[in-house]
1. What number of residues in the stretch 14-43 are assigned to a loop (DSSP other than H, G, I, E, B) and surrounded by 11 or more Cβ atoms within 10 Å (Cβ to Cβ)?
2. For the stretch 115-137, state whether one or more residues are part of a helix (DSSP H, G or I), more than 30 Å from residue 55 (Cα to Cα) and at pLDDT below 85.
3. Quick test for you: out of 13, 2, 22, pick the one residue that is of a type in the set (Asp, Glu), out of contact with any His (no Cβ under 9 Å at 6 or more places or on another chain) and modelled with pLDDT of 85 or more.
4. Can you name every residue in the stretch 44-95 that is in a loop (DSSP other than H, G, I, E, B), more than 23 Å from residue 16 (Cβ to Cβ) and either without any contact (Cβ under 8 Å) to a residue 12 or more places away in the chain or under 18 Å from the mean Cα position of the chain (by Cα) (or both)?
5. Residue 11 passes all but one of (1) surrounded by fewer than 12 Cβ atoms within 10 Å (Cβ to Cβ); (2) assigned by TED's automatic domain parsing to the domain that holds residue 115; which number fails?
6. Restricting the search to the stretch 114-140, which residues are free of Cβ contacts under 8 Å to residues at least 24 places away in the same chain and among the hydrophobic types (A, V, I, L, M, F, W, C)?
Amino acid sequence: MDYAFASALHHSDMNVLKVLYDIACQWHKKLHQRMDNMPPSLQLNLHNQNVSFLVPKFHLPAHIALCQWLFSFNWTKGVGRMDGEEPERGWANLNAAALSTKDMGPGHHQDTLDNYMGDWNWKKLIRLGLFLLPLIPQRIYPLYRYFNISKGEGSYPRV
């Protein structure tokens, strides 16, 4: 995991980093020292960055109470109402690829998995409109009321 983490961030210049991992509460311990032991080309200086380690919400109840408080999305600034489980939702889509890719060479294997994930992302994009369309009236009406009230044209709702 350390090598994959360092490789992914090697060319990044981010100052704020939210790391989501099922066992982030354990993995983050002594990460700075482990990064110092990486090959020189992959060593990361995490001391100057704002790094937060979080456990995705589905996995959090299996952790002790202290972990649930320290690594929860609910108490972390900048993550909104995210649950951290999105990377795992695509695995079900990849199950169908397992049989067809096991005999492929590395290049063909990677291309096939890229196609599966591209298809998954495309399907999510297409369904996004169907998901958001019913929410528009719920979100627009309060904004409309607010702006009319702020212009002095509307009235405050009675309580």
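The values are calculated or read from the model by the stated rules, or taken from the named source; none is laboratory data. Remember, predicted model here, so these are calculated numbers, not experimental data. Here the Cβ positions follow ideal geometry from the backbone for every residue, glycine too, while neighbour counts run over all protein chains shown.
1. Selection size over the stretch 14-43: 7.
2. So far as the stretch 115-137 goes, yes, one or more of its residues are part of a helix (DSSP H, G or I), more than 30 Å from residue 55 (Cα to Cα) and at pLDDT below 85.
3. Unique residue meeting the criteria: 2.
4. Of everything in the stretch 44-95, those that are in a loop (DSSP other than H, G, I, E, B), more than 23 Å from residue 16 (Cβ to Cβ) and either without any contact (Cβ under 8 Å) to a residue 12 or more places away in the chain or under 18 Å from the mean Cα position of the chain (by Cα) (or both) turn out to be 58, 64, 90.
5. All conditions pass for residue 11, except number (2).
6. 122, 125, 126, 128, 130, 131, 132, 133, 135, 136, 140
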